[in-house]
Amino acid sequence: MTPPYGQLREVTPFASVVLAENPGVMTLEGTNTWLLRAPGAESCVVVDPGPLDRAHLERVASFGPVDVVLLTHGHHDHSEGAAEFGRLVGAPVRAGNPALGSAIAGGEVVVGGGLEIRVVATPGHTDDSLSFLVEDAVLTGDTILGRGTTVLDGKLRDYLESLKVLADLPPGTTVLPGHGPELPDASTVARAYLAHREERLAQVRAAVERLGGEPTAREVVEVVYADVDRSLWPAAEWSVNAQLEYLRDA
């Protein structure tokens, strides 16, 4: 079944999603572009406009007007179209990486679409990863996915701390992820992610001991991810690199 690309799907009374047509190994069905708007509000906040796909950007713009554009992190499948989209709708772009827009940081509150959106620093997937708390939901970008687990392009120590922050959210906080379906409880998922990371770390530690010396990330991947589709090995190397760095610094 072909996913409903370009359609606006309401997920909560204040959050709707438009799926970008960029499916892949790393993006699942595609990037979720989120529109946040309080019931009755005219304008909205757009989170992660997605790739530089003019048709997608114009479809999202048609659901405006837009007060502000927010980025969960700088990977191209989330941010590549942000500058163009900001120009298209006449709205500022705000991001953890100041190279991508006006800088925002954890603890700030962004007002738009009739909502107050609290910024939470959640580095680990990338150094600039942010999550956004709004009402009883959290937009997690790639820190927590709607299906499977994420790769690490940042530091494992940071990622574990970020997961602990998300694990402490109130029960029933809905996850609105950057890819895949929404999830009913952020705390439950974050705790499962923590358990998975501890398991993988133990496997990497055992592989290093088995291989001896200072094995490369690829050599460790060939042991730890032997039963995983090889198309995923390049992404797994990112995470293994982060785990090897963590073990060296321990």
Complete set of residues in the range 165-188 that are farther than 22 Å from Leu71 by Cβ, in a helix (DSSP H, G or I) and not polar (S, T, N, Q): Ala167
Return a yes/no flag: does the range 190-210 have any residue that is at pLDDT below 95 and among the β-branched types (Val, Ile, Thr). yes
Verdict on Ala186 being touching a residue at least 24 places away in the same chain (Cβ under 8 Å) and not acidic (Asp, Glu): yes
Could you count how many residues in the range 135-164 are buried (at least 18 other Cβ atoms within 10 Å of the Cβ) and not in a loop (DSSP other than H, G, I, E, B)? 10
Of the residues that make up the range 42-50, is at least one over 20 Å from Ser131 (Cβ atoms), outside the structural domain of Trp233 (by TED's automatic domain parsing) and buried (at least 19 other Cβ atoms within 10 Å of the Cβ)? no
Quick count over the range 65-102, residues being part of a helix (DSSP H, G or I) and acidic (Asp, Glu), is 2
Residues that are surrounded by fewer than 16 Cβ atoms within 10 Å (Cβ to Cβ) and in a loop (DSSP other than H, G, I, E, B), drawn from the range 193-250: Gly212, Gly213, Glu214, Thr216, Ala226, Asp227, Val228, Asp229, Ala250
So His56 fits all but one of (1) within 25 Å of Arg147 (Cβ to Cβ); (2) in a loop (DSSP other than H, G, I, E, B); what number is the exception? (2)
Check on Gly64, assigned by TED's automatic domain parsing to the domain that holds Val138, surrounded by fewer than 22 Cβ atoms within 10 Å (Cβ to Cβ) and modelled with pLDDT under 95: yes
Identify, please: which residue in the range 105-134 is part of a loop (DSSP other than H, G, I, E, B) and within 14 Å of Asp67 (Cβ to Cβ) and is, among those, nearest to the chain's Cα centre (by Cα)? Gly113
Which of the following residues is among the aliphatic types (A, V, I, L, M) and either under 18 Å from Val119 (Cβ atoms) or touching a helix residue (DSSP H, G or I) at 6+ places or on another chain (Cβ under 6 Å) (or both): Val11, Val66? Val66
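The values are calculated or read from the model by the stated rules, or taken from the named source; none is laboratory data. The shown structure was predicted, so the numbers you read here are calculated from the model rather than taken from an experiment. Counting neighbours? That spans all protein chains shown, and the Cβs are built from the backbone with ideal geometry, glycine included.
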